[in-house]
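Every read-out reported here was derived from the displayed coordinates using simple, explicitly stated rules and does not represent laboratory data. All of these numbers come straight from a predicted model, not from anything done at the bench. Every residue, glycine among them, receives a Cβ derived from its backbone with ideal geometry; neighbour counts consider all protein chains shown.
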Amino acid sequence: MAIEDDVLVVGGGVAGMTAALAAAEAGASVRLVTKSQSTLRHASGLVDVLGYADGDLLADPFAALDDLPADHPYAKVGVEAVRDGLARFDAVTGERYRGGHTDRNALLPTHGGAVKPTARYPASAAAGLASDERDALLVGFETLSDFDAPLAADHLRAADVPFDVRGATVSFPGTPRADAKVTRYAHALDGNDDEERERLAARVARVHDGEPRVGFPAVLGEAHPGDVRATLADALDADVFEVPMGPPSLPGIRLEADYERALREAGVNVVRRPVVDYEADGEHLTAAVVERNGQHVPHHAESFVLATGGLVGEGIDSDRGGVREPVFDCHVPHPADRYDWFVDERFGEQPYPRFGVVVDDDLRPRDAEGRIEFENLRAAGSVVGGADFAAECSGMGVSLATGDAAGSAAGADTQ
Amino acid sequence: MSDAESPSDEFEPIEVFPDDETPDLRPGADDCYKCSTCDTNCPVAEVDDDFPGPKFQGPEQWRLKRKEDTSVDDSISKCSNCMRCDSACPSDVPLSQMHNTARAEYVDEELSKTSLTYWRNRVLANYRTSAFLASKVPRVANAAMNFGPARWAMDRLFGITSEREFPAFATETFREWWEREGGADGSRERARAARERRGEEGEEKKVAYFHGCYANYNTPAVGKAMVRVFEHFGYELVVPKQRCSGTPMFANGMLDDAERHAKVNVSSMGDLVEQGYDAIASCTSCSMALRQEYPELFDIDGIEDLAENTWEALEYLRVQEDLSGELSAATVEDENIAELAYHAPCHARNQGLDGQALELFADLAGVDAEDVGDSCSGISGTYGWKSEKYDTSMKIGDEMFEHMEDVEGEVGMTECPTCAMQMEHGTGYEIKHPLEIVESALV
Ligand SMILES: Cc1cc2nc3c(=O)[nH]c(=O)nc-3n(C[C@H](O)[C@H](O)[C@H](O)COP(=O)(O)OP(=O)(O)OC[C@H]3O[C@@H](n4cnc5c(N)ncnc54)[C@H](O)[C@@H]3O)c2cc1C
Ligand code: SF4
Ligand code: SF4
């Protein structure tokens, strides 16, 4: 009767999808309920573990994990969980991601011309590494204002990268409208119906001065990025790389597709609606209530994972009255006075990014008195407090580590 | 590391999260944070460069209208109301509600009431009226509607594409069949017998069926499957008086027409809900209208109660009965439906029902249902019927057609009657409703 699974995961970002895969691998039947598209589509597609500690750029994130404060999610799950999370990521993405050969951070140029430390990066960005000493040409498109190639090149040069870099702007074949969606460029190159790849290469060739690598905004195909790059590389006789862009991001969209494929293969059922309530028997959760356009449908399970994201994903909700976790109403510590949530200095250390539920070493949320909220509920990803994902560059890493740990434990509990 | 040193004071080289992603702590702030996720999900923007996309149609246009004396941009009529943007938005911006109201305003204020476009849209939106007349003389109507010269004239003068065959009208409507089967009294007896067989004598099981126009006039087989499946589970059905759900009217900005019809539906269905009936729809656009669009757009007595008690047919059985259990114990012998190419309609997607049919049939012996991907079929009700939209509609549908061709067998499956039309049009496949598969398995 009704809808019933071993494990129910609430929230379908990286953390939730990782938890679902881990639980399925443990042998559980798994359902993932998620509201809308996750922040994966906005994210650069880079996978950070830890880029900065106390404001310092880290060469080896693993060496710094031990020094994190005890309430940091990494400290709760431990370094092995971080490795397990990355291993699961590598299994999902296979050849399409790089960086697994070393513990050390890679440095990737971004569309603004900054350099970003990261643990895994798309194969499409590999030829762009900032540690590579070969000269580079960056190419932007007239109609794609988000990537100003000459400016990005200026910034990279100013950042003292160990190679010479130059920027040029060309018009994209077929001249799309000025505010065309990034997916339009990608699909035009995927389809190549009017030989967009060859025509683009010909336009770039006119500004190309023999640089051994050429960087483009990360819109080089959604379904066939490898083929698109290969055609361009052949025509230009240079390595071709993508520069990660702001939202919406093609590398993020491709990564989402990889995860969706993995979920299908693992037999995870995905429901795309919000969870608005729960049913419990004392401290034992029995169901998450899914809203379906007015209808409320309980989805039963033995074990639950909360992976609804932080303030951006709406897993943590705030208003003038306070900060809360709206699904299971788990405790979220925060200063009573909302003016204590931020500091005024622009680059000051902000309290609010660290807001989130408090968990124990088994990732079970605790209430204000330190008691377990529900015996069969775990939390993962940025709904868990204690990390400042943006400042320390740890977003995906924390989600992979806690997602893997929460999902494995939830799955094991039901077997 | 020198790589990350600041080149100048203004420039912040350590880019962590791109641009203005600072979470908004202000309550009641405009929810749209311009992430463009909606735009990358819009099937029309995907194939039509001139369509500015949901972010513009929704929040941006809305803001413009509030601030200045600007009128609604005519691009709003390009939106097909598939509502994909709704379920994509991470910030709960009520996009389709904004589109629906903007479209109604556009039709009200910008579109001449004497223009052919207006009347063409109105005729398409009021499909029920045409269907009602046609069903009186189905054979004549079938012949006349698809009569070459007449279609040419419709295309040239009226803007209804001649590329499509009009759907055939059934020689016996669902309601005529229902009456012949004894109506509610007949259903009560059959359901009672089923409950006895199931050992559920004491239970009350009653539902009110919202069949919509299409199952009534064009595909009564879907309505019959609905009746037989529900009676198999011991449910007594009633088929109350009903008008169009309003879906085609929302999409054409004819909110006044939609409201007139909604009033009839809310009144007749609402009365039954009050008496303890649950409302069941077999068409996912109808269930969407009753559950989401009605309460969003109209203020009619009882509308919330109806919305809260409306279900899609299989969703209901899944929650109230052991549908998956019964299906996994059953076997389908019909070779014809051994391989099914399933397309999830956008409106099913929006209700979180897109995975349901495949999940249910995964353990059903004799049936292998395969997903044809998450693209939009492209027809979006009346949209693909308009001459000027036909090419866009088929371009959107291409991806689905391709995937359908990849599936073994030549039978498709979907919950939405107009998606079914598009699937058939693009591939020549016969298209089934999941209820028909359940009927073959259990009844
Ligand atoms: C703009 C941006 C750029 C980023 N760039 C990087 C980067 O370069 N490198 C990096 O490592 N990380 C980056 N991140 C962080 C990373 O992408 C993830 O945001 C982070 O890993 C958190 O993932 P999550 O799964 O916990 O949450 P989310 O990705 O936020 O997912 C939460 C999911 O839960 C759903 N949800 C919320 N409430 C409910 C509910 N009630 N019912 C059902 N579902 C619900 C949401 O719709 C969402 O799909 C970036 C994030 C953003 C926003
Ligand atoms: S409406 Fe929603 S999805 Fe579209 S840009 Fe705004 S926040 Fe993003
Ligand atoms: S309803 Fe569909 S067609 Fe209209 S703007 Fe939204 S996604 Fe695009």
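Shape class of segment B:29-109 from the Cα gyration tensor (axes a ≥ b ≥ c, square roots of the eigenvalues): oblate, since a/c reaches 1.5 or more and a/b does not exceed b/c. Taking 14 Å as the cut-off, the amide N atoms of segment A:56-87 that come nearer than this to a point 7 Å along the Cα-to-beta-carbon line of A:ARG104 belong to A:58-63. Dipole check for the protein assembly as shown: with +1 at the C-beta of Lys and Arg, -1 at the C-beta of Asp and Glu, and the Cα centre as origin, the magnitude is about 2920 Debye. Take the Cα of A:ARG199, step 7 Å toward its Cβ, do the same at B:GLU105, and the gap between the two points is 3.8 nm.
Across peptide B:84-90, how many C-beta atoms of other chains are within 10 Å of each residue C-beta, on average?
That works out to 4 on average.
Charged neighbours of A:GLY99, selected by a Cβ distance under 12 Å, balance to +1 (K, R count +1; D, E count -1). Between the C-alpha center of segment B:253-272 and that of segment B:289-344 there is a gap of 21 Å. Ranked by the mean number of other Cβ atoms within 10 Å of their residues, highest first, the peptides B:404-417, A:298-311, B:196-209 come out as A:298-311, B:404-417, B:196-209.
Quick check on my link table: of A:LYS116/B:LYS34; A:LYS181/B:LYS395; B:LYS263/B:LYS389, which ones sit more than 21 Å apart, alpha carbon to alpha carbon? Pairs exceeding 21 Å: A:LYS116/B:LYS34; B:LYS263/B:LYS389.
Here the Gaussian network model covers chain A, with springs between Cα atoms less than 10 Å apart; of A:ASP317, A:ASP337, A:ASP103, A:ASP337 fluctuates the most.
Between A:ALA2 and B:GLU304, the simple spin-label model (points 7 angstrom out along Cα→Cβ) gives 2.5 nm.
Just checking the output field for A:311-320: average partner chain Cβ neighbours within 10 Å of each residue's Cβ?
For peptide A:311-320, the averaged partner shielding equals 4.
Kindly provide the GluC sites (Glu not before Pro) of segment A:15-113 that DSSP labels as loop, not H, G, I, E or B, and whose Cβ sees at most 13 other Cβ atoms within 10 Å.
Qualifying residues, ordered by number: none.
Within the shell of other residues whose beta carbon sits under 9 angstrom from the beta carbon of B:VAL411, the net charge comes to -2, with Lys and Arg scored +1 and Asp and Glu -1.
With each label modelled as a point 7 angstrom along the Cα→C-beta vector, the A:ARG371-B:ASP185 pair spans 6.1 nm.
For the modelled label position 7 Å from the Cα of B:ASP271 along Cα-to-Cβ, which residues of segment B:292-315 have backbone nitrogen atoms closer than 17 Å? So the set is B:301-303, B:306. Sorting A:243-249, B:396-402 by average packing, meaning the other beta carbons within 10 Å per residue, from highest down gives A:243-249, B:396-402.
For B:ALA208, what is the net charge nearby, where nearby means another residue's Cβ is under 13 Å from its Cβ and Lys, Arg count +1, Asp, Glu -1?
-2
Entry note, the protein assembly as shown: the mean residue ellipticity at 222 nm calculated from DSSP H runs of n ≥ 4, each adding -39500 (n - 2.57), is -11500 deg cm²/dmol after division by the residues and rounding to the nearest 500. When each of the peptides B:270-278, B:328-336 is scored by how many other beta carbons lie within 10 Å of its residues on average, the order from highest to lowest is B:270-278, B:328-336.
Per residue of A:294-301, how many C-beta atoms from partner chains lie within 10 Å of its own C-beta, taken as a mean? List each step's numbers first, then the result.
Working: counts 15, 14, 1, 6, 1, 1, 0, 0.
That works out to 5 on average.
Quick check on segment B:174-320: take the gyration tensor over C-alpha atoms, sort the square-rooted eigenvalues as a ≥ b ≥ c, and tell me if it's rounded (a/c under 1.5), prolate or oblate. Prolate, because a/c is 1.5 or more and a/b exceeds b/c. Cβ screening of the protein assembly as shown for cysteine pairs under 4.7 Å finds these without a partner: A:CYS330, A:CYS393, B:CYS32, B:CYS35, B:CYS42, B:CYS79, B:CYS89, B:CYS213, B:CYS244, B:CYS376.
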